[in-house]
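Report on one structure; see the data block that follows.
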Amino acid sequence: MKILMFTWEFPPLISGGLGMACYGMVKALLSQGIKIDLVLPTKELVYFPLRDEGDADTLPAVFIEPEKQIEYTRRAFTCLSERLEYIGVTTHPESYFNMSEIAEYSNLIKKHYELSEVTISEELELLKEMTAHLIGDEDLIRKVQEYTLRANRFAKILEYDLIHAHDWLTYPSGILTKQISHKPLIVHIHATEFDRAGGPGDPRIHKIEYIGMTYADKVIAVSQYTAQMIMSRYRIDSGKIRIIHNAFTLPETNLNNKKRIFIGPTILYLGRVTIQKGPDYFLDMAAKVLKVHPEARFILAGTGDMQRQILRRSASLSLKNRFLFTGFLNRKQVERILQAADIYVLPSVSEPFGISPLEAMSYGITAIISKQSGVAEIIHHAFKIDYWDVDLWAETINHLIENPEECRKIGIEGMKEVQRIQWDEAAEKIRQLYATTLSEFSEQRVE
Amino acid sequence: MLNIVFYFQVHQPYRLTHFNVLDIGNNAKIFDERLNSNVMRKVSKNCYLPTNQLLLELIQKYEGRFKVAFSITGTAIEQFKLYSPETLDSFKCLIDTGCVELLGETYFHSLSFLFDTNEFLDQVYMHRELMQKEFGYYTTTFRNTELIYQDRLSDIIYEIEGFKTIITEGVDRILQWRSPLYAYKNYAKNLNLLLKYYQLADDIAFRFSNRDWPEYPLTVDKFVNWIDHLTLAEKEGKNLFLNLFMDYETFGEHQWASTGIFDFMRHFPDAVLSKSHLGFANPKDVSRLANYQQESLSFPEPVSWADEQRDLSAWLGNEMQQNASETLYELINRIKEKGDTDLLRMARLLSTSDHFYYMCEKYFQDGDVHKYFSPYDSPDQAYIYYINALTELEERLLR
């Protein structure tokens, strides 16, 4: 079975949980014999034919332009990062952009829905609507336009049985590819615009999400929570939705190896500093705990549009040097801060899944997580609290600070639990979904 | 006589590295030696060395009739020794002429007066000792960091033996109808006060090269003509003081050599001394020269020489600056309790007011002077690195 997979993030190209989830999933799928052609927002026009498990780490690439491919194969790279830099896979997805091709975008999309053999008028409507919504001058929208433009080429030259697209940024590509190839499309919902925006969000993105899910043959939701959301908010046919929880790939370093930075108890928030993740609740609980335990340190790790506001509020609350900001952390630095923490908190207002607590727990850190998160459905050895119940968060943190032995034990139980939640299980479910989708699809075609 | 009193502030802070949370506990360097040495070498080359040379020539030429005063911070002296010893030597030559007064201040150019009187006194004594050790000079005039002054400061300074005069800003809201040209007394009438004549001082320090300023270009003749017409009182035999206080870096650094600032200074004394009722004096001369009943002035609230507001808002105006300074002085006390001298020195280097200035947001968007002086991308970054550095010291204290 061969899959054409579209995703916006894949290590080392990551900005959040999506990249790590795709990595774990792809690796596990490869080990089960699935072949994947991966398309990323790279600078150069390449795809990644992944055949063995190891390919997820080495990322073998193929250039679409033959001359470029020849040049690429002739070139000697001293290391992986040099090679990835050559194709334009950097640690930030922002590097991808080419103005000159953008103009072609609308022509291409137009041509496809006018000339294709689409006869079902509903589909035609959807495509028209999507083109209308993928309009804007923002960098991101333009990048999505170009990515979609490229999907056209991949759709035609590659061979595959099924298309798998992760999150809205790649839905236009998935739809276009299905349009061209008549292969089944699975869209994967890691987060919706409602989760990201913590409110109504961008209506264009809602539309793209809606159209993607409507046009897809199957929809994978990363939790019951997300499935509920897409049924109630997007009115997606529940028969199409499959819930497959994300898992977490354990890092290979020795995890039971605590390296303190701070002498006092260390409480960690790790994630984007945006309204969705509840950094303001983190600050509120810190202010309460520090009244009782001034020796504690609260670390806000990550960046985002709320950092400025949180920084100023932490200063005006006179939290001294007890509430610290790390800014953006790379992978290595994330591992370092995890080794230094005692308690991990995820006070998300809305978290479709939330892979970060699993990672924290794999380091033996006691986790306290928002009840409004998908990950709360699958783990047991963690505290689960309504994100808004700041008093209870503070009491729980106080209790753990006052009972370090209990805190350590819960951490170890959590670590064991996470080790059992592996990607293999989730990948097996995805593989089954691929198989049933393919057989259903071919039956439809026969009819 | 109308006596022109030049006082130049010489100060360099120890700037911080981009000190992140993950640097804590690694014995990482808190101070950016490379940046500090680069700045010191650049400023020495553009400002300190050429201006010292010029002033030396002028002092020699006018044989005692041209005088200037300096306040040189401990952190500047230390960094001369580290990165530009020839600059320290050239200051010594100047001071040996006898026409240069050195002022007393806090060794670390800190805001300690506002937070911790004991720490303030420690830093003032440290500075006085340094002036004696380096230059054999006993200071008798005091200038607080950034000319911050209020009545309470004069009470503290009065208690320190030897200080007779304090200099500060000629703030309109205190002076009201009075002229900054007179010598005043503090509210308790036991110390002299000299007040900066900010309009004319800032014409040189800030507006000299500003082409949008209607008076541009500022020539010596024009400037001396203004001085000549300030008042008639000196003609009645009263000794007045035109206090031109400014950062020494005005010469060659804030105003580049190409603006003509050095030529201006070279020809200024000649034009002044050609008029019989104009001359130069040092702040300490006020005790001898004031030949009238000095009115006392009360400063109930602190003033400074910074920005339009001339208050503390450049260093303590926002919540980041307040939280950072509270954290610092609390830590200094805990370090003193434990008696760790190495940590105390580092904490004191963090007491330098510049660190708080970098966190100021008042004019940041306009790319104003605060941004010009800051080695960091934003006030937020300055705050984050500063708080992290304090945390490093605290963790070392706890170990």
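Report, as a whole number in µm² per second, the diffusion coefficient that Stokes-Einstein gives for chain A at 4 °C and 1.567 mPa s using the Kirkwood radius over alpha carbon pairs. Don't skip to the end; give the middle numbers.
Working: Rh = 23.0 Å.
Calculated translational D: 56 µm²/s.
With a Cα-only, solvent-free Debye model of the protein assembly as shown, what are the log10 I(q)/I(0) values at q = 0.06 Å⁻¹?
Each listed q corresponds, in turn, to -0.55.
Dividing the Cα convex hull volume of region B:153-256 by residue count, how many Å³ per residue is that? Please list the in-between numbers first.
Details: hull volume 15.0 nm³, N = 104.
Per-residue hull volume (Cα only) is 145 Å³.
Provide the packing ranking of A:182-190, A:399-407, i.e. peptides ordered by the mean count of other C-beta atoms within 10 Å per residue, highest first. Walk me through the numbers on the way to the answer.
On the way: A:182-190: 23.4, A:399-407: 14.0.
The most tightly packed comes first, giving A:182-190, A:399-407.
Exceeding 28 Å between C-alpha atoms, which entries from my cross-link table qualify? They are A:143/A:207; B:92/B:284; A:43/B:29; B:67/B:362; A:35/A:68; A:291/A:416.
Values: A:143/A:207 18 Å; B:92/B:284 19 Å; A:43/B:29 38 Å; B:67/B:362 36 Å; A:35/A:68 24 Å; A:291/A:416 33 Å.
Beyond 28 Å: A:43/B:29; B:67/B:362; A:291/A:416.
Looking at chain B from every direction and averaging, what is the projected area of its Cα convex hull in nm²?
Average projection, Cα convex hull of chain B: 18.9 nm².
Limiting things to C-alpha atoms, what are the Rg and the maximum Cα-Cα separation (Dmax) for region A:266-420, in angstroms?
14.0, 44
Have a look at B:191, B:232, B:297 and tell me which one the Gaussian network model of chain B (Cα, springs below 10 Å) gives the largest fluctuation.
So, out of B:191, B:232, B:297, the one fluctuating most is B:232.
Quick one: if you take sqrt(5λ) for each eigenvalue of the C-alpha gyration tensor of region A:1-69, what semi-axes come out, biggest first, whole angstrom?
Those come to 19, 16, 9 Å.
From the cross-link list B:61/B:222; A:259/B:81; A:332/B:338, which pairs have alpha carbons spaced over 28 Å apart? Could the numbers behind the result be given before it?
Working: B:61/B:222 23 Å; A:259/B:81 39 Å; A:332/B:338 36 Å.
Going by Cα-Cα distance, A:259/B:81; A:332/B:338 fall outside the 28 Å limit.
Where the only charges are on Cβ atoms (+1 Lys, Arg; -1 Asp, Glu), what is the dipole of chain A about its Cα centre, to the nearest 20 debye?
Its charge dipole is roughly 980 debye.
So what is the 222 nm mean residue ellipticity for chain B from helices alone, if each DSSP H run of at least 4 adds -39500 (n - 2.57) and you divide by all residues, rounding to the nearest 500 deg cm²/dmol?
Details: 18 runs with 179 residues, N = 399.
For chain B, the value works out to -13000 deg cm²/dmol.
Please go through region B:137-188 and write out the chymotrypsin sites (Phe, Trp or Tyr not before Pro) that DSSP classes as loop and that have at most 10 other C-beta atoms within 10 Å.
Passing sites in region B:137-188 are B:177.
Mind checking the alpha-carbon convex hull of region B:206-289 and giving the volume per residue in Å³?
Dividing the Cα hull volume of region B:206-289 by its residues yields 101 Å³.
How large is the helix-only mean residue ellipticity at 222 nm for chain A, computed as the sum of -39500 (n - 2.57) over DSSP H runs with n ≥ 4, divided by its residue count, in deg cm²/dmol to the nearest 500?
Numbers: 19 runs with 217 residues, N = 447.
After summing the helix terms and dividing by residue count, I get -15000 deg cm²/dmol.
Please build a GNM for chain A, connecting alpha carbons under 10 Å apart, and tell me which residue among A:283, A:50, A:392 fluctuates the most.
Its mean-square fluctuation being the largest, the pick is A:392.
Compare B:300, B:214, B:375 in a GNM of chain B, Cα atoms joined below 10 Å, and give the one with the largest fluctuation.
Ranking B:300, B:214, B:375 by mean-square fluctuation puts B:214 first.
Please give the direction-averaged projected area of the C-alpha convex hull for region B:314-398, in square nanometres with one decimal.
With the hull built on Cα positions only, its mean projection is 5.1 nm².
For residue B:45, go through the aspartates and glutamates and keep the ones whose alpha-carbon is under 15 Å away, minus same-chain ones fewer than eight residues off.
Those aspartates and glutamates meeting the cut-off are B:86, B:89, B:249, B:253.
Along its three principal axes, how long is region A:218-347 when you only count alpha carbons? Whole Å, largest extent first please.
Result, largest extent first: 53, 38, 25 Å.
Three principal axis extents, largest first, for the C-alpha atoms of region B:1-90, in Å?
Principal axes ranked by extent give 61, 25, 17 Å for the Cα atoms.
Considering only DSSP states other than H, G, I, E and B, which GluC sites (Glu not before Pro) in region A:1-63 qualify as loop sites with at most 14 other Cβ atoms within 10 Å? Can you show the working numbers first?
On the way: sites: A:9, A:44, A:53; in loops: A:9, A:44, A:53.
Here the GluC sites (Glu not before Pro) that fit, given the DSSP loop and packing criteria, are A:53.
Read-outs throughout are calculated quantities, based only on the coordinates presented, and are distinct from any laboratory measurement. Treat the numbers as computed from the prediction; the structure is a model and nothing was measured. In this analysis, Cβ positions are derived from the backbone assuming ideal geometry, glycine residues included, and neighbour counts consider all displayed protein chains.
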